[in-house]
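Take a look at the structure below.
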Amino acid sequence: MRKRLVALEIVLTALAFSPIARCEPMPPQSGAVKGQEAAPAAPAPSDFDGWGRPVTGPPKGQKSAPAPRHDISGIWEPGENPLHVLGVLGASAMPEDGKPEHQPPYTALGREMLNRTKPSSGARSVLPAETNDPVFACEPQGMPREDLYEFRTTQIVQTPVSVLMLYQFNRVWRVVWTDGREVPQDPDPRWYGYSVGKWVDDSTFVVQTTGTDERTWVDRAGRPHSGDLRVEERFHRVDHDHLELTVTIDDPKMYTKPWVAVDKLPFYLQPPTFDIREMICSPSENAAYNKLVGDTASDKDSK
Amino acid sequence: MKGKFLTAFVLVLAISIVSVPVFAHHGTAAYDMTKTVTLKATITQWVWSNPHCVLMFDVTDDHGQTVQWTAETENPSSMIHQGWTRQSLKTGDQITISVFQAKNGKPIGRIVEVLLSNGQKLPGRGLQGPIKAEDYPKQ
């Protein structure tokens with residue numbers, strides 16, 4: 001029964017974010033004037049930005065320009081698959097759906113730590129009021145969960161010495177240093193750790209992150225990590241309009257071998273005028289929601 | 001008792017788990033996702049807020065008593081994708097609303113769809129019609 005509910009959750013969530021579930025696109029406007037050749041119709045808007053202005057999806061049937069060299073800057077909208085983008089069941093390449101092949105290679109300690117987490121979705125889900133998911137208490141997502149849950153529109157900015165990642169969820173930003181430094185040895189842990197990046201070819205930028213805080217979960221499914229965690233993010237700009245991200249988790253204390261958490265998550269480039277929508281976990285709003293809905297639905301109210 | 005009064009004003013009790021999808025930010029474990037409950041209601045409050053927008057509304061049961069319902073949907077950022085805004089619903093609006101009700105039988109639900117008095121439909125999180133295999137996202 002639990003597996004059926006998990007499968008249902010996957011399907012419902014996926015459909016909720018499918019393109020056909022979104023706002024109906026406007027019909028193409030014909031700008032043709034009699035006697036003049038009609039210009040190609042502009043792509044129909046498929047979404048709206050934070051200012052409520054229509055934006056278009058990736059061009060269809062139109063070949064994108066080549067990827068610029070050593071450049072992943074821009075405003076990137078993640079692909080349309082909600083399981084990948086929002087991490088509803090945890091890491092998209094390793095969803096917590098009860099299938100043995102989707103179990104990361106836990107060590108004994110990793111399994112023990114996993115059992116202490118109470119996620120609100122997936123095969124081990126509990127009622128909303130019973131979860132101990134730190135993010136639902138508005139705690140920082142940290143790394144690598146920033147890539148694995150609520151991974152929405154992201155702006156990437158490049159400077160001569162760094163790459164900045166600006167995330168929609170909670171308006172979090174990270175600095176990835178590109179000035180040649182190495183990750184620090186035995187640093188004080190930080191929610192988002194310490195990140196350095198290097199170009200490994202003209203269009204692939206690889207980021208290493210260490211020194212993360214053990215209090216965070218790897219993903220929404222409650223996968224654990226230790227202070228020895230090493231995260232690799234591999235950004236590959238496929239062409240001018242498309243970017244892919246692969247994330248690998250390496251933590252010998254919790255896992256017997258590295259495992260891929262995100263596999264070529266697609267992004268498409270937005271216009272530079274795209275206003276990123278606001279989405280912030282506010283403790284007071286969270287408390288109001290729990291009072292109105294979550295606690296009552298979980299029988300933790302006084303009704 | 002709750003089950004009895006519900007029967008009078010439940011318009012549709014569809015064993016149609018595939019009719020309308022719902023996204024689960026805080027999970028769906030608390031809800032009976034196997035059937036929808038449809039109610040005629042009057043809006044008392046529309047909360048456009050994270051982590052989930054919340055709609056509060058009154059429903060009159062078959063004894064003439066007012067039952068205060070609360071139903072959630074998604075966060076504003078996701079709802080914008082669906083064509084909802086802060087102004088989509090107003091206090092006093094007459095609506096027909098479909099929800100997945102809480103398993104504990106309380107008047108709490110997840111919004112499947114809201115039908116406005118002018119005929120406009122606002123999908124809670126999804127689309128109408130049965131799920132097809134090709135709709136399922138590919139890895």
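Here are some notes:
- Taking the Cα centre of region A:131-277 as origin and assigning +1 to Lys and Arg Cβ atoms and -1 to Asp and Glu Cβ atoms, the resulting dipole is close to 200 debye.
- Once the C-beta distance of A:Val200 and A:Asp228 is scaled by a Förster radius of 25 Å, the resulting FRET efficiency is 0.60 to the nearest 0.05.
- In order along region A:236-253, phi translates into HN-Hα couplings of 10, 7, 5, 7, 4, 9, 10, 10, 10, 10, 10, 10, 10, 9, 9, 8, x, 6 Hz, rounded to whole numbers, per the Karplus curve 6.51 cos²θ - 1.76 cosθ + 1.60 with θ = phi - 60° and x for Gly and Pro.
- In region A:222-303, taking the dipole from charged Cβ atoms about the Cα centre, the farthest positive-side position among A:Asn286, A:Tyr255, A:Val238 is held by A:Tyr255.
- Inter-label distance, nm, simple model (7 Å from Cα along the C-beta direction), A:Ala137/B:Asp62: 4.6
- Table column - 3J(HN,Hα) (Hz), region B:99-116, Karplus curve with 6.51, -1.76, 1.60, x for Gly and Pro: 9, 8, 7, 4, 4, 7, x, 6, x, 10, x, 9, 5, 9, 6, 10, 9, 7
- Over region A:145-205, the hull volume per residue, using the convex hull of the C-alpha atoms, is 107 Å³.
- Projection of the Cα convex hull of region B:62-118, averaged over all directions and equal to a quarter of that hull's surface, yields 5.0 nm².
- Here the spin labels are modelled as points 7 Å beyond Cα on the Cα-Cβ line, and at A:Ser284 and A:Leu164 they lie 2.8 nm apart.
- Here the spin labels are modelled as points 7 Å beyond Cα on the Cα-Cβ line, and at A:Arg190 and A:Ala108 they lie 3.6 nm apart.
- Amide H contacts under 5 Å for A:Ile280: A:Asn170, restricted to partners 5 or more places along the chain or on a different chain, H placed in the peptide plane at 1.01 Å from N.
- Of the GluC sites (Glu not before Pro) in region A:112-159, those whose Cβ has at most 13 other Cβ within 10 Å and which sit in DSSP loop: none
- Relative contact order [Cα under 8 Å, 6+ residues apart], region A:199-240, whole percent: 47
- DSSP-loop trypsin sites (Lys or Arg not before Pro) across region A:204-274, with at most 12 other Cβ within 10 angstrom: A:Arg215
- Environment charge at A:His225 (Cβ cut-off 11 Å; Lys +1, Arg +1, Asp -1, Glu -1): -1
- Residues in region A:100-113 carry Karplus couplings, in order, of x, 6, 9, 9, x, x, 5, 7, 4, 5, x, 5, 5, 5 Hz; the curve used is 6.51 cos²θ - 1.76 cosθ + 1.60 with θ = phi - 60°, and Gly or Pro positions show x.
- Among the listed pairs A:Lys118/A:Lys257; A:Lys118/B:Lys103; A:Lys253/A:Lys300; A:Lys291/B:Lys35, a Cα-Cα separation exceeding 31 Å is found for A:Lys253/A:Lys300.
- Overall Cα dimensions of region A:55-199 - principal axes, largest extent first, Å: 46, 46, 29
Each value in this text was obtained by applying a stated rule to the coordinates, not by laboratory testing. What you are looking at is a predicted structure, and each value in this text was computed from that prediction instead of being measured. With ideal geometry, Cβ positions are generated from the backbone for all residues, glycine too; neighbour counts draw on all protein chains shown.
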